[in-house]
Amino acid sequence: MFKKSKIIISLILVSMLVVTMLTGCSGGNGGTDTGNAGGGEVKQEYKPVTLNLNHFMSPMHQLHPNVLEPFAKDVYDKTEGRVEIVIHPSNGLAAPTDVMDSVEAGIIDIGFVLPDYTPGRFKLSSILEFPFMFESSLQANLTAKDMFDTLQKYDYKNYKLLWFGGTDIGDIFLKKPIKTVAELKGLKLRSPGPIYNDVIKELGAVEVSLPVSDLYDAMDRGIADGTFMAITALSSFKLNEVTSDIIKVNMYITPLVMAMNKNSWAKISPDDQKIIEDLLAEFPEKIGKLYDSEVDHAITAAKEKGVKFSELPAEEMTKFHTLVDPLIASWIADMEKDGLPGEATFKLVKDSAAKYKK
């Protein structure tokens, strides 16, 4: 009996030794960390990653072939294939209103979308929509660059913010001509975001909320009489087919954001993260200049379709300012009430816009 017990004990000790040796050999981390027996620095190994990028634009939209596709190629080439970005245009992976939730949850790695598709959620981002703030897309995009740290801290704290900027200058698209601000009263106007909900209300019009991808059908079917919209959307969303008149007022910039899931970002090595951030640093100037260059082409194409362009008389523009300028103080007060730096953000934007004005 004693001899049998010794044999059992010996077998147990041998088993424990084998397990210990196997555990030591495996490192206990599936091959993602390396280290040394002396307890030195542990270095993480990063595997190649494939990231899915969802955006709301068609493949023909100027940002798809001129910005996003070259960006994805540069990322792949400069990281030597360690980071691959697969682009899904036309809401291929999620509806516009679901993109940011999908990114935060990790269903989508990267979302390129309008913050206003989720109204009231990314509050400071709406500052770009204030009337009469900018004169060009380049000015607006360089200004937006200066907001990056503020937005990462507040609006996009649950994401890795990759880029924030906007479109070209927005004007008023209509299905019939007007000559006075009063003629806007009662018209159903698509709003680009929360600030313009208030602008439309002050003008006595009726606010219609829908994604820009649905605007063509809405104007074609009479659901909307017009919209506040960037000129380049005339061609990129074929709005020149459903618009008869455009009132040039240099109203606003539509904010755009490119945000990433934090866990997806963490899968990329610091060196490759630096490569991506260096490429993204080119976006403000590249996108701003692209939009500005496309405006003239869009106007020419629209005129060929019979779209008429006009401006409101000076006295009517004064009335316009009288109605909408007080909204600035209201916006700042609302931000401060929510614990956000509304006044500081507005000052930052105004100062930057002045700095980048041609």
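The values are calculated or read from the model by the stated rules, or taken from the named source; none is laboratory data. Bear in mind the structure is a predicted one, so any value in this text is a computation, not a measurement. Please note: Cβ atoms are built from the backbone with ideal geometry, for glycine as well, and neighbour counts cover all protein chains shown.
The table below lists the values:
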{"quantity": "Selected residue [free of Cβ contacts under 8 Å to residues at least 40 places away in the same chain, over 28 Å from residue 160 (Cα atoms) and either in contact with a Phe, Trp or Tyr (Cβ under 9 Å, 6 or more places away or on another chain) or loosely packed, with under 15 Cβ neighbours inside 10 Å (or both)] from 281, 329, 302", "calculated": "329"}
{"quantity": "Among the candidates 225, 220, 198, 168, residue that is under 19 Å from residue 319 (Cβ atoms) and among the acidic types (Asp, Glu)", "calculated": "198"}
{"quantity": "Hits in the range 178-200 - residues which are hydroxyl-bearing (Ser, Thr, Tyr) and part of a loop (DSSP other than H, G, I, E, B)", "calculated": "180, 191"}
{"quantity": "Failed item, numbered, when residue 81 is tested on (1) touching a Pro at 6+ places or on another chain (Cβ under 7 Å); (2) at pLDDT below 95; (3) surrounded by fewer than 19 Cβ atoms within 10 Å (Cβ to Cβ)", "calculated": "(2)"}
{"quantity": "Search result, residues across the range 128-177 that are assigned to a loop (DSSP other than H, G, I, E, B), more than 22 Å from residue 243 (Cα to Cα) and out of contact with any strand residue (DSSP E or B) (no Cβ under 6 Å at 6 or more places or on another chain)", "calculated": "130, 132, 133, 135, 136, 146, 147, 154, 155, 157, 158"}
{"quantity": "Test set (1) at pLDDT below 95; (2) within 30 Å of residue 103 (Cα to Cα); (3) in a strand (DSSP E or B) - residue 251 fails condition number", "calculated": "(2)"}
{"quantity": "Residue count for the range 201-232, restricted to those that are in a helix (DSSP H, G or I), in contact (Cβ under 8 Å) with a residue 24 or more places away in the chain and either of a type outside the set (Ser, Thr, Tyr) or within 29 Å of residue 322 (Cβ to Cβ) (or both)", "calculated": "5"}
{"quantity": "Conditions (1) aliphatic (A, V, I, L, M); (2) assigned to a helix (DSSP H, G or I); (3) under 28 Å from residue 121 (Cα atoms); (4) in contact (Cβ under 8 Å) with a residue 40 or more places away in the chain: number failed by residue 275", "calculated": "(3)"}
{"quantity": "Unmet criterion (only one of (1) farther than 17 Å from residue 185 by Cα; (2) of a type in the set (S, T, N, Q); (3) surrounded by fewer than 21 Cβ atoms within 10 Å (Cβ to Cβ)) for residue 197", "calculated": "(1)"}
{"quantity": "Residue ID - surrounded by the fewest Cβ atoms within 10 Å (Cβ to Cβ), chosen from residues in the range 338-356 that are in a helix (DSSP H, G or I) and touching a helix residue (DSSP H, G or I) at 6+ places or on another chain (Cβ under 6 Å)", "calculated": "343"}
{"quantity": "Residue in the range 155-165 that is among the aliphatic types (A, V, I, L, M) and either without any contact (Cβ under 8 Å) to a residue 60 or more places away in the chain or within 19 Å of residue 327 (Cβ to Cβ) (or both) present", "calculated": "no"}
{"quantity": "Selection status of residue 309, among the aromatic types (Phe, Trp, Tyr) and part of a helix (DSSP H, G or I)", "calculated": "no"}
{"quantity": "Which listed residue is free of Cβ contacts under 8 Å to residues at least 40 places away in the same chain and either at negative phi or touching a Phe, Trp or Tyr at 6+ places or on another chain (Cβ under 8 Å) (or both), from 238, 267, 289", "calculated": "238"}
{"quantity": "Filter pass, residue 246 being closer than 24 Å to residue 214 by Cβ, crowded, with 16+ Cβ neighbours inside 10 Å and either among the β-branched types (Val, Ile, Thr) or within 17 Å of the chain's Cα centre (by Cα) (or both)", "calculated": "yes"}
{"quantity": "Test result for residue 180, surrounded by 15 or more Cβ atoms within 10 Å (Cβ to Cβ), among the hydroxyl-bearing types (Ser, Thr, Tyr), over 20 Å from residue 91 (Cβ atoms) and touching a residue at least 40 places away in the same chain (Cβ under 8 Å)", "calculated": "no"}
{"quantity": "For residue 109: the one exception among (1) within 21 Å of residue 208 (Cβ to Cβ); (2) buried (at least 16 other Cβ atoms within 10 Å of the Cβ); (3) of a type in the set (D, E, K, R)", "calculated": "(1)"}
